[in-house]
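Laboratory data are not the source of any read-out in this text; all were calculated from the coordinates shown. Keep in mind it's a predicted model, so treat the numbers as computed, not measured. With ideal geometry, Cβ positions are generated from the backbone for all residues, glycine too; neighbour counts draw on all protein chains shown.
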Amino acid sequence: MSRFFRHISRVARILSTILLTIISHFGQPRRRKPGHSRLPKYQRTKFTLPWRIIGLGLALVFLSLMELTLPSHHPVDAANAARTMQLPLSTQGSQLLDSLGRPILLRGVNWFGIETELHAPHGLWKRDYKDMLAQIKSLGYNMIRLPFSIQSLRASEVSGIDFNIGNNRELYGKSPLEVMDAIIKEAQQQGILILLDCHRLNDQRIPPLWYGDGFTETDWIETWKMLATRYRNQPNVIGADLKNEPHGRASWGTNDLATDWRLAAQRAGNAILAVNPNWLIVVEGVEKNVPRQRLATHWHGGNLEGVREYPVRLSNANKLVYSPHEYGPGVFNHPWFSEPSFPNNLEYRWEIAWNYIAREGIAPILIGEFGGKEVDPNSKEGLWKRRLVDYINRNNLSFAYWSWNPNSGDTGGILQDDWQSLEGPKQQLLQGLLIANNFAPNVGVAPIIPSISIRRPSFPPGRTKPMPTPLPNSQPSSIGQMPTPTPSGQPSRRVAPLPPPLSNPTPRRVAPLPPSLSNPTPRSVAPLPPPNLRNNPGVIAPLPAPNLRTNPGVIAPLPAPNLRTNPGVIAPLPAPLPAPSPTVTPRQVTPLPLPSPLANPGLKEPLPLPSPSAKPSGMAPLPSPPPDTNQGLREPMPTPEPSPNLPNPNLSTRSQTRNRVPLKVVPNLHSDWQEGFCIGIQVINEGSTKVEDWELTFQMNQAAINNSWNGNFQPRNMENSQSSKDYVVTPLDWGRLIEPGQSRHLGFCANKLGSDYKPKQMLASGH
């Protein structure tokens with residue numbers, strides 16, 4: 001609407017100029033003749049008509065001066081009415097501007113998951129993705145920082161989605177990149193901006209540099225060019241957060257091509273702008289290795305001290321945004337949290353580390369991550385968070401809160417463990433920032449800046465073992481390589497020991513399920529020492545330090561199964577068989593009526609919020625059971641009396657009518673916290689013939705199942721299910737058939753009732 005009024009004001013300005021010219025020529029009053037007290041009527045008309053024109057002209061001049069629109073620079077505060085943000089965005093000094101030159105603030109959340117082995121935003125095992133976005137919008141957030149990994153975008157399958165929930169069925173059969181497409185398009189419909197974040201290279205950890213873990217700088221840049229091209233006409237995708245939290249060897253201003261993150265950001269940023277000139281280029285800081293830095297220690301990605309002397313230079317300087325990350329003592333208790341001047345020393349640090357960039361008008365600041373569990377005014381973390389929120393408000397800074405997800409172990413999230421309810425105190429504290437956000441309700445689209453015509457780059461194919469691009473003095477990292485330890489003892493956040501490699505016996509597609517990698521060649525993975533990186537969402541190992549921020553699920557590394565998850569392409573189902581008996585778990589999932597069997601409809605992992613002090617726990621894969629003629633059959637048969645000679649009579653209570661084929665069972669303890677745990681189970685057909693109507697049995701003494709996926713979980717003793725120790729699991733309709741070399745993925749979460757809670761004696765067979 002303001003664009004319309006601007007055009008009106010321009011027309012008014014032109015008309016007023018024309019009218020004033022006419023007035024100056026015709027509007028001179030004539031002298032009265034001697035003896036005449038009045039002018040003749042026709043002369044009065046000639047004299048007074050120009051003054052009416054003058055009045056109209058003055059009105060038009062007034063309107064043109066008013067501009068009938070908002071001033072080009074105005075403060076963003078709660079007194080201003082909500083307006084539509086016009087895209088694309090740019091920068092001027094310390095401000096972010098929309099396409100009409102109006103200052104805007106980005107107030108967002110991090111919704112992670114695509115960068116993990118599930119390859120999909122977390123929580124979709126519980127909720128409709130459109131409903132999730134609607135809740136984010138309703139709270140006043142106008143942006144989502146959406147993490148991904150390069151490995152996830154090269155994968156073909158997703159998991160962790162319940163396709164039976166509402167609009168989630170639209171995501172069935174999509175690749176991780178296509179799921180990201182759907183999230184982005186729905187976000188546009190709901191008026192939410194998207195900032196893409198290259199959070200990891202593989203699915204396991206955050207590397208110190210922009211290459212390593214089997215990926216090169218070329219892989220990294222080409223992935224960004226692919227995304228910039230793909231979303232060039234998707235206006236709500238506003239930019240690229242080039243790399244999450246450079247640390248360790250990463251430097252700034254050293255001119256070492258192998259480690260200088262500033263130079264790498266320039267190379268990637270300019271490559272992106274050549275493809276998509278509308279995007280913002282978001283550059284995080286480093287941890288250390290900055291010439292003449294004043295503060296001894298920083299958070300990973302939080303050190304931007306070198307920007308004043310060594311700025312990032314882009315082909316378009318008005319697209320550059322700097323983005324520090326900031327956390328409190330709940331993630332790691334740095335020395336400054338124990339200084340006598342705390343919390344008054346915090347603003348001094350923030351000014352030196354990054355806010356001078358905005359204060360001096362060098363570029364805008366977007367705090368890409370901050371978060372923590374506590375918000376009270378008494379705890380250290382609560383004091384830190386309250387000071388930072390007040391600082392953000394006073395300095396009109398943009399931010400993306402970590403995290404929307406509840407399953408970030410040492411920070412928690414805005415949502416509670418049920419993925420529905422809000423953490424009230426957190427949201428109440430942040431609400432004061434969202435009140436000032438007048439641009440959340442709608443996202444308008446201004447004419448897109450004409451893009452340079454460049455051939456669409458092809459997405460680089462996966463390599464057997466890609467090596468980093470040779471650089472002078474380069475020492476590319478390999479999988480499992482750790483950065484140089486920080487002298488201050490700061491933990492390298494978010495790193496968990498990588499699981500050992502898995503073998504892939506068939507050339508089929510690799511299923512993106514823990515703990516396998518979608519790179520088709522197994523690589524040697526050395527366990528990483530736990531103390532040096534903040535744990536990231538994904539494969540998470542419980543760390544000895546209780547203050548480390550763990551990743552969703554606190555997934556403990558397990559001994560390597562000898563088979564990589566690879567469901568491959570499943571053959572059509574035979575004629576429908578009788579439906580299995582219904583599950584008695586608290587939440588039954590009804591399978592979709594699909595035309596073809598679903599290889600992996602989604603590993604639902606509710607992953608309740610783990611305790612940072614959770615004890616390490618793991619479950620080793622069980623060996624393949626020998627053929628057992630007493631394994632339960634699918635055909636309903638009368639249950640015989642338990643035999644005292646059998647050590648576990650309830651595990652084999654059905655008569656045999658056909659020979660049973662043993663199946664391999666690989667359990668994987670995804671998360672283990674004080675009150676409960678979640679476990680995934682892989683049932684593998686290692687034989688040469690297909691297996692139908694398989695069945696899984698196991699014992700579990702002191703735990704009660706509260707959620708399950710991809711199977712009908714039943715206690716043997718239906719009359720007393722709470723005290724039952726023996727369970728039988730039958731497949732859903734679409735999963736009755738397992739072809740040779742294929743597998744089925746299922747699992748459950750349970751409440752702990754005692755110390756002997758782990759499932760054991762897992763056996764599976766079919767016919």
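Observations
- At q = 0.19 Å⁻¹, base-10 log of I(q)/I(0) for region 347-406 (Debye sum, equal scatterers on each alpha carbon): -0.74
- Value of Rg to Rh for region 90-432 (Rh from inverse mean 1/r over Cα pairs, i.e. Kirkwood): 0.94
- Sequence-distant aspartates and glutamates (8 or more away, or on other chains) whose Cα lies within less than 19 Å of Lys758: Glu605, Asp672, Glu675, Asp726
- Share of Cα-Cα pairs in region 685-764 lying beyond 20 Å, as whole percent: 35
- Those GluC sites (Glu not before Pro) in region 279-312 that DSSP places in a loop and that have at most 16 other beta carbons within 10 Å: Glu309
- Pairwise centroid distance, computed over Cα atoms, of region 199-278 with region 729-767, Å: 40
- Inter-site label distance for Ser315 and Arg267 at 7 Å from Cα along Cβ, in nm: 1.7
- Ordering Ser421, Pro121, Gly93 by the projection of their Cα atoms onto the charge dipole of region 90-432, which places +1 on the Cβ of Lys and Arg and -1 on the Cβ of Asp and Glu, puts Gly93 at the extreme positive end.
- Distances between placed amide hydrogens fall under 5 Å for Asp260 paired with Ser251, all partners being 5 or more residues away or on another chain.
- Calculated FRET efficiency, Arg292 to Glu339, Cβ-Cβ distance, R0 = 22 Å: about 0.45 to the nearest 0.05.
- Stretched out straight at 0.36 nm per residue, the stretch from Leu422 to Ser688 would grow longer than its current Cα-Cα span by 90.7 nm.
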